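Read-outs: derived from the displayed coordinates by stated rules, not from any lab. In this text the structure is predicted, and so the values were computed from the model without any measurement. Quick reminder, even Gly has a Cβ in these numbers, built from the backbone with ideal geometry, and neighbours come from all protein chains shown.
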Amino acid sequence: MEPLTTRGALPMEKPRRSGGFWQTMGRQKYLYFMSVPFVIWLIVFSYVPIWGWLMAFQKFRPGRSIFEQNWVGLANFAELFADERFYLVLRNTLAMSVMGLVVGFTVPIIFALLMNELKGQFFKRSVQTISYLPHFVSWVVVAGLVTKMLSTEGGAVNSLLLSLGVIDAPVQFMAKGEWFWSIVTASDMWKETGWNSIIYLAAMAGIDPELYEAATVDGAGRFRKIWHITLPGIRPTFMVLLILSIGHLVSIGFEKQFLLGNPLVIDYSEVVDLYALNYGIGLSRYSYGTAIGIFNSVVSIVLVLTANGIYKRLTKESII
């Protein structure tokens, strides 16, 4: 038997290279041109202000150049970590962050699952629209509504509890520190649940419908479909949002706490950002306020990298 020959076979074509860096730039030049304004904005407002971090290592005095200030090394950080008040506000920050993290993820996912199961499109869109509206209400208005509802004089909550016989006298919710964290969490949940569910609904819409059809053929019920198809399908989206949220555990802003708080609950309402405002900018201690800001940034970066590292070790995937 004669051996097989490849004399008449065509030579294998080598894969074409997509071109060098500049050729790729040339093909995508319009995309790069469109991104230029955003890159400039990012550099001007996010990277150039980093020069201000130098103030954390100085005793900053207004009227002088940043390079003409007296350098104090890590004195501002030492003062920060020696202040007992700082640990109190750090406790408040972490407590409200964790409560908001748990509620802020659980409730929108449950709401999105319920919306995804609705069949009537008109009713579904109506509920979605109504649930989105609170997101566009400013925190000033929300704080006013919450204060009025919890008021001891005609407040809806106290009136309801009195009529049900749960309490014998009106409760001053806004004057009790132990209620403050729950009030902030509930207010944020009411305001943002509908809006935060949008991204989960979008992720659910991207799940292959054939998976549900196959599960139906196999006899799976609604809850088994949710558990084995829907939730695994939105897991990547959930993990991205979770890791980004973990990075903001100590940087939750101060608007809610500032508007809902009062001197009677200051030991529960003051958070790190509000502490920086009061003891930094409020007292013209700009160096001290900058040190607090650096602490927030460093902790946020460490938290994001740690959360991503844990997720990568567990799933062999990386978000960032």
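Structural remarks
- Note on the chain: with a GNM built from Cα contacts shorter than 10 Å, the maximum mean-square fluctuation among T24, T306, T185 falls on T24.
- For the pair segment 230-274 and segment 60-136, the centres of their Cα atoms are 3 angstrom apart.
- Of L74, L201, L162, the one that fluctuates the most in a GNM where the chain has Cα springs shorter than 10 Å: L162
- Its relative contact order, with pairs defined as Cα atoms under 8 Å and 6+ residues apart, puts the chain at 24 percent.
- Loop-resident sites, segment 92-190, for GluC sites (Glu not before Pro), counting at most 12 other Cβ within 10 Å (DSSP): E153
- Rounded to the nearest 10 degrees, the inclination of helix 121-132 to the longest alpha-carbon principal axis of the chain is 50 degrees.
- From least to most packed, judged by other beta carbons within 10 angstrom and beginning with the fewest, L145, L283, L241 follow the order L283, L145, L241.
- Sequence of S269, S151 once ranked by neighbouring C-beta atoms within 10 Å, starting from the fewest: S151, S269
- Cα gyration tensor shape of segment 82-203, rounded if a/c is under 1.5, else prolate or oblate by comparing a/b with b/c: oblate
- Number of Lys pairs (Cα under 30 Å; 8 or more positions apart or on different chains) in the chain: 14
- Under a Gaussian network description of the chain, with springs only between Cα atoms under 10 Å, the residue in S46, S65, S163 that fluctuates furthest is S46.
- C-alpha long axis of helix 84-117 to longest principal axis of the chain, angle in °: 50
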